[in-house]
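Colleague: One structure, as structure tokens, below. Some questions next.
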Amino acid sequence: MACDILVTGCRGQLGRDLVASFSADHSVRGVDLEEFDIRDRARTLEAIRKADPGTVLHAAAYTDVDGCEGNRELAMAVNADGAENMALACRKVGARMVYYSTDYVFDGKAGGAYTEDDQTDPQTVYGQSKLAGEQAVQNVLDDYVILRIAWLYGRHGRNFVKTMIKLGFQQLRNRQQGRKVTPLKVVDDQFGNPCWTMDIARQTRAVLSGQLTGLFHATSDGETSWYGFTQAIFEALDIDVVVKSCTSDESPRPAPRPKRSTLSNQRLNEAGLNIMPDWRSSLESFLREHSKEIIREL
Ligand SMILES: NC(=O)c1ccc[n+]([C@@H]2O[C@H](COP(=O)([O-])OP(=O)(O)OC[C@H]3O[C@@H](n4cnc5c(N)ncnc54)[C@H](OP(=O)(O)O)[C@@H]3O)[C@@H](O)[C@H]2O)c1
């Protein structure tokens, strides 16, 4: 039976909130690796033909940025070929496609916020594979939406906010038990826009209702560093965790992160459809709504 919306990656952190948000007033089907692998073109075409959706929200991806670095073939197969397969399937059934891309398509050296017109130059395999996915979607479809989002967190799956809450409470426990307290070290020289998955879901709804087509930046307003983000988490929870700032050089990762991948939602602003809130107020709303359950699950 046909559905309004099909969400890929429905067991991931964004996919779950997309399903939750759109289910309120649409018929929604969620699919993930268990249903079919987006690398398999024939299976993808067949699954989309059967589901016959009006819109596909394509949130499935290989998102382990460091993992991608040592696994280019898999990254390109899932993030580029998988996106192309989905675009071909959408073309076949006449569905609109929303592809979620990333701030990591930029090298992060500009010093200011990137607009949609700025030159891309991804420095990581993950960023390269996601950019190749954007290009595949643009090559195959006329009616597409690409949303570049960043620094995602949400209620489900693994993310930075949940990891920091876990580490923060570990430190508090150690202190209560009289054990040595090791400060959390967090990098203070990489800047971006933290985004709550529910805000991305709401922004997706606004873009679809507004009948927009094309490439858009869709991140929270304002930028911070990972260190600033961490401090904001503990301030909002009102807990006294010792956090020390460090540089990227002191905390090396297999995939080099952009220094400043802050995005400006220029095109959404021009269209009068930018509903992304300020990152800090959004984080506070998220923690008000979900911190109790997250802490209970530690
Ligand atoms: N996380 C971020 O900070 C961030 C930032 C910018 C953009 N984005 C983009 O936003 C989207 C959603 O990200 P997310 O953090 O919600 O990702 P996520 O939690 O990792 O979810 C991705 C989902 O896709 C599934 N998947 C992986 N390979 C697949 C395949 N070959 N076929 C079918 N499904 C497959 C994964 O299944 P398994 O878990 O079983 O592998 C997972 O359920 C992605 O396109 C990502 O690139 C994310």
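Where a number appears in this text, it was derived from the coordinates with a stated rule and is not lab data. Since the model is a prediction, treat every value here as computed from it, not as a measurement. All Cβ positions, even for glycine, are placed from backbone atoms using ideal geometry, and neighbour counts span all protein chains on display.
Colleague: Highest mean first, how do 258-265, 160-167 rank when packing is the count of other Cβ atoms within 10 Å averaged over residues?
Modeller: Working: 258-265: 22.9, 160-167: 18.6.
Result, highest mean Cβ count within 10 Å first: 258-265, 160-167.
Colleague: Right, another one. Which FRET efficiency, nearest 0.05, do ASP117 and ASP278 yield, Cβ-Cβ r, R0 30 Å?
Modeller: On the way: r = 24 Å, r/R0 = 0.80.
Efficiency computed from Cβ-Cβ geometry: 0.80.
Colleague: Mind pulling the angle between the C-alpha long axis of helix 279-296 and the longest principal axis of the chain? Nearest 10 degrees, somewhere in 0 to 90.
Modeller: 80
Colleague: Also, I was wondering about something else. Once amide H atoms are placed 1.01 Å from N in the peptide plane, what residues at a sequence separation of 5 or more from LYS185, or on another chain, have their amide H within under 5 Å of its amide H?
Modeller: HN-HN under 5 Å from LYS185: LYS244.
Colleague: Still on this model: Need the full-extension length gain, THR182 to PHE169, defined as separation in residues times 0.36 nm minus the C-alpha distance. One decimal, nm. If you can, show how the numbers build up before the last one.
Modeller: Values: separation 13, 0.36 × 13 = 4.68 nm, distance 1.22 nm.
Separation in residues times 0.36 nm, less the Cα-Cα distance, equals 3.5 nm.
Colleague: Could you run the Karplus curve 6.51 cos²θ - 1.76 cosθ + 1.60 with θ = phi - 60° over segment 179-196 and give me ³J(HN,Hα) per residue in whole Hz, x for Gly and Pro?
Modeller: With the stated coefficients, segment 179-196 comes to 7, 5, 9, 9, x, 6, 9, 9, 5, 10, 10, 10, 10, x, 10, x, 10, 7 Hz.
Colleague: Starting from the Cα gyration tensor of segment 194-290, take the square roots of the eigenvalues, sort them a ≥ b ≥ c, and report rounded, prolate or oblate (rounded when a/c is under 1.5, otherwise prolate if a/b is larger than b/c, else oblate). All intermediate terms of the calculation are to be shown ahead of the outcome.
Modeller: Working: a/c = 2.91, a/b = 1.53, b/c = 1.90.
Judged from the Cα gyration tensor, segment 194-290 comes out oblate (a/c at least 1.5, b/c at or above a/b).
Colleague: Helix 82-93 against the longest principal axis of the chain: what's the angle in degrees, Cα atoms only, rounded to the nearest 10?
Modeller: Long axis of 82-93 versus the principal axis of the chain: about 40 degrees.
Colleague: Calculate, for GLU73 and GLN135, the FRET efficiency according to 1/(1 + (r/R0)^6) with r their C-beta to C-beta distance and R0 22 Å; round to the nearest 0.05. Can you show the working numbers first?
Modeller: Details: r = 18 Å, r/R0 = 0.82.
For GLU73 and GLN135, the calculated efficiency is 0.75.
Colleague: Calculated from DSSP H runs of 4 or more alone, at -39500 (n - 2.57) each and per residue, what is the 222 nm mean residue ellipticity of the chain, nearest 500?
Modeller: -12500 deg cm²/dmol
Colleague: Multiplying the sequence separation of ALA271 and ARG296 by 0.36 nm and subtracting their Cα-Cα distance, what value in nm do you get?
Modeller: Gain in length upon complete extension: 4.8 nm.
Colleague: Next question, about the same structure. As an exercise, use a Förster radius of 25 Å and the Cβ-Cβ distance of ASP142 and ASP4 to find the FRET efficiency, rounded to the nearest 0.05.
Modeller: 0.75
Colleague: Would you mind checking which residues have amide H under 5 Å from CYS10's amide H? H placed 1.01 Å from N; only 5 or more apart, or other chain.
Modeller: Here VAL31, ASP32 satisfy the definition.
Colleague: Next up: Quick check: the angle from helix 160-176's long axis to the longest principal axis of the chain, C-alpha only, nearest 10 degrees?
Modeller: Taking the Cα atoms of the chain, the angle to 160-176 is about 20 degrees.
Colleague: Can I ask one more? As an exercise, take the mean of 1/r over every pair of distinct alpha carbons in the chain, invert it, and state the Kirkwood radius in angstroms. Don't skip to the end; give the middle numbers.
Modeller: Details: mean 1/r = 0.0506 Å⁻¹.
With all distinct Cα pairs of the chain included, I get 19.8 Å.
Colleague: Step through the residues of segment 26-33 one at a time and calculate ³J(HN,Hα) from phi using the Karplus curve (6.51 cos²θ - 1.76 cosθ + 1.60, θ = phi - 60°), rounding each to whole Hz and writing x for Gly and Pro.
Modeller: Per residue, the Karplus-derived 3J(HN,Hα) values read 9, 7, 10, 10, x, 9, 8, 3 Hz.
Colleague: Next up: Straight-line reach from LYS166: which lysines fall under 30 Å, measuring Cα to Cα and dropping same-chain residues less than 8 apart?
Modeller: LYS130, LYS180, LYS185, LYS244, LYS259, LYS292
Colleague: A follow-up question, please. For LEU263, what residues show an amide H to amide H distance below 5 Å, using hydrogens built from the backbone and excluding near sequence neighbours?
Modeller: TYR114, ASN193
Colleague: Net charge near ARG72, counting Lys/Arg +1 and Asp/Glu -1 over other residues with Cβ under 15 Å of its Cβ? Could you put the intermediate results ahead of the total?
Modeller: On the way: positive: ARG39, LYS130; negative: ASP64, ASP66, GLU69, GLU73, ASP81.
So the environment of ARG72 carries a net charge of -3.
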